[in-house]
Amino acid sequence: MSISKRVSVISPSVTLAITAKAKKMREEGIDVIGFGTGEPDFDTPVHIKEAAKKALDEGFTKYTPVSGMEELKEAICRKFNHDNNLDYLPQEILVSCGAKHSIFNAIFVLCNEGDEVILPSPYWVSYPEMIKVAGARPVVVETTQENNFKVTPQQLQEAITPKTKIFILNSPSNPTGMVYTKEELELIGNILIKRGIFCISDEVYEKIIYDGEEHISIASLGQEIKRLAIVVNGVSKSYSMTGWRIGYAAGPEEIIQVMSNLQSHSTSGPSSISQKAALAALEGHEKFSGEMVAEFLKRRDYIVERLNSINGISCLKPQGAFYVFPDVSQIIGKTFKGQLVKDSVSLSEILLAEANVAVVSGSAFGADNYLRLSYAISMEIISKGLDRIAEFVKELF
Ligand SMILES: *Cc1c(COP(=O)(O)O)cnc(C)c1O
């Protein structure tokens with residue numbers, strides 16, 4: 001079998017192996033605790049499901065325009081105006097099959113073979129693969145825990161070359177949960193403007209934010225940066241709608257139109273029924289997100305405190321999203337029952353085999369020495385899982 005060069009550059013997901021193993025163990029009757037989940041553990045709100053049922057009953061089951069139905073694009077424009085102080089027109093909006101699809105379209109439309117895309121690590125797992133498959137090169141800038149995992153203006157400056165095309169920003173971040181302040185975004189924005197570099201701003205966690213932190217969209221900082229920004233968002237995380245597959249992008253009309261052309265030859269418009277559901281989500285009350293965030297907040301406080309009480313683990317308090325990203329560098333190099341913990345992948349493997357706890361290794365996000373734990377699981381399960389981790393780590397020292 002001979003597959004194309006274009007796709008052979010894609011790495012298999014590091015997270016997949018562990019997830020598959022955990023699933024197999026569960027099937028064998030082993031009680032595995034999974035901290036791997038990448039989606040909220042809440043049901044989609046009833047009023048959204050009702051809107052989908054109504055669409056179905058009314059026969060709203062045909063193709064919509066490729067870039068999304070007009071009514072939904074108008075609602076997205078109102079959302080940007082209301083939440084982000086951003087004014088877009090419907091022709092500057094593309095509705096895709098998830099935010100992931102919008103990001104993919106944007107990278108494909110902007111990148112030529114050999115272009116460079118600046119990607120701060122720890123990064124979301126799909127970015128480097130999308131960049132590579134588009135023929136471009138990810139230029140990874142390693143952020144540090146001391147800088148709250150945020151790229152500094154100096155780091156950004158140093159990574160720029162004449163080939164730099166895009167800078168990828170993800171705030172609140174998956175996996176670190178960090179949120180960029182307005183001042184930090186201004187400094188970054190000014191560099192991008194000076195060098196004419198596009199910014200893909202992935203804002204899918206904007207509603208999941210704590211401690212009175214404020215989400216700022218970099219595109220809202222002025223007309224010059226707005227002309228270089230592709231803002232990506234969606235309903236998956238905000239309204240617990242991961243399976244509905246609706247995301248969207250906003251940006252300069254000429255770019256959005258080409259993204260729409262690309263989409264027209266791959267998926268066409270997203271599901272008509274899901275679009276009606278997304279419309280209900282955007283136009284409905286925000287009560288759901290508020291309740292979900294209140295629950296996540298309790299879990300975050302608990303998980304951070306428990307992790308920091310374990311000798312050998314240190315964990316920053318995330319300001320958004322539903323993950324913690326603890327530093328486990330003191331555990332790496334230790335041995336558990338004769339097995340060397342040589343890196344974060346081997347730590348996650350030994351934890352699964354010996355403590356029946358599934359976590360994602362930091363190396364999946366470009367940051368060995370860390371683990372990612374999701375707290376989109378019940379308090380009871382979190383507590384039980386942490387008991388096991390604490391017990392396991394005790395054996396190492
Ligand atoms: C979940 C996630 C997405 C994708 O969301 P969909 O709308 O479900 O495609 C994009 N970016 C980040 C950082 C995510 O965690």
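For the stretch 323-347, which residues satisfy the criterion of being among the aliphatic types (A, V, I, L, M) and more than 28 Å from Ile208 (Cβ to Cβ)?
Across the stretch 323-347, the qualifying residues are Ile331, Ile332, Leu340, Val341.
Suppose we keep only residues that are within 16 Å of the ligand (Cβ to nearest atom) and among the hydrophobic types (A, V, I, L, M, F, W, C) within the stretch 243-268. Which one would you say is nearest to Ile103 (Cα to Cα)?
Among those that are within 16 Å of the ligand (Cβ to nearest atom) and among the hydrophobic types (A, V, I, L, M, F, W, C), it is Ala249.
State which residue is farthest from the ligand (Cβ to nearest atom) when the search covers only the stretch 180-222 and only residues that are among the charged types (D, E, K, R) and over 22 Å from Thr164 (Cβ atoms).
My answer is Glu183.
Pick from the stretch 96-114 the residues that are open to solvent by less than 40 Å² (accessible area, probe 1.4 Å) and closer than 13 Å to Val133 by Cβ: which of them is farthest from the ligand (Cβ to nearest atom)?
Cys111
Looking for whichever is over 30 Å from Ile389 (Cβ atoms), out of contact with any Gly (no Cβ under 9 Å at 6 or more places or on another chain) and either buried (at least 24 other Cβ atoms within 10 Å of the Cβ) or among the acidic types (Asp, Glu) (or both) here; the options are Glu291, Glu254, Glu295. Which one fits?
Going through Glu291, Glu254, Glu295 in turn, the sole match is Glu254.
Run down Lys24, Lys49, Lys62, Lys54 and say which single residue is of a type outside the set (Ser, Thr, Tyr) and within 29 Å of Val125 (Cα to Cα).
Lys24
Within the stretch 1-58, count every residue that is more than 27 Å from the chain's Cα centre (by Cα), of a type in the set (Ser, Thr, Tyr) and part of a helix (DSSP H, G or I).
Number of matching residues: 0.
Kindly indicate which of Asp57, Asp43 is away from the ligand (no atom under 15 Å from the Cβ), out of contact with any His (no Cβ under 9 Å at 6 or more places or on another chain) and closer than 25 Å to Phe296 by Cα.
Numbers: Asp57 fails: closer than 25 Å to Phe296 by Cα.
Sole residue among the options that is away from the ligand (no atom under 15 Å from the Cβ), out of contact with any His (no Cβ under 9 Å at 6 or more places or on another chain) and closer than 25 Å to Phe296 by Cα: Asp43.
Can you pull out the residues in the stretch 256-293 that are of a type in the set (Ser, Thr, Tyr), under 23 Å from Cys111 (Cα atoms) and either part of a loop (DSSP other than H, G, I, E, B) or not assigned by TED's automatic domain parsing to the domain that holds Cys97 (or both)?
Ser266, Thr267, Ser268
Taking the stated definitions as given, is Val179 assigned to a loop (DSSP other than H, G, I, E, B), in the same structural domain as Glu203 (by TED's automatic domain parsing), in contact with a Ser or Thr (Cβ under 8 Å, 6 or more places away or on another chain) and of a type in the set (A, V, I, L, M)?
Yes; evaluated as a whole, the condition is true for this residue.
The values are calculated or read from the model by the stated rules, or taken from the named source; none is laboratory data. Everything numeric in this text was worked out from a predicted model, so none of it was measured. Note that each Cβ is placed from the backbone with ideal geometry, even for glycine, and that neighbours are counted across all protein chains shown. Keep in mind that these areas ignore ligands, DNA and RNA; they rest on the heavy atoms of the full protein, side chains included. Shrake-Rupley method; radii C 1.70, N 1.55, O 1.52, S 1.80 Å.
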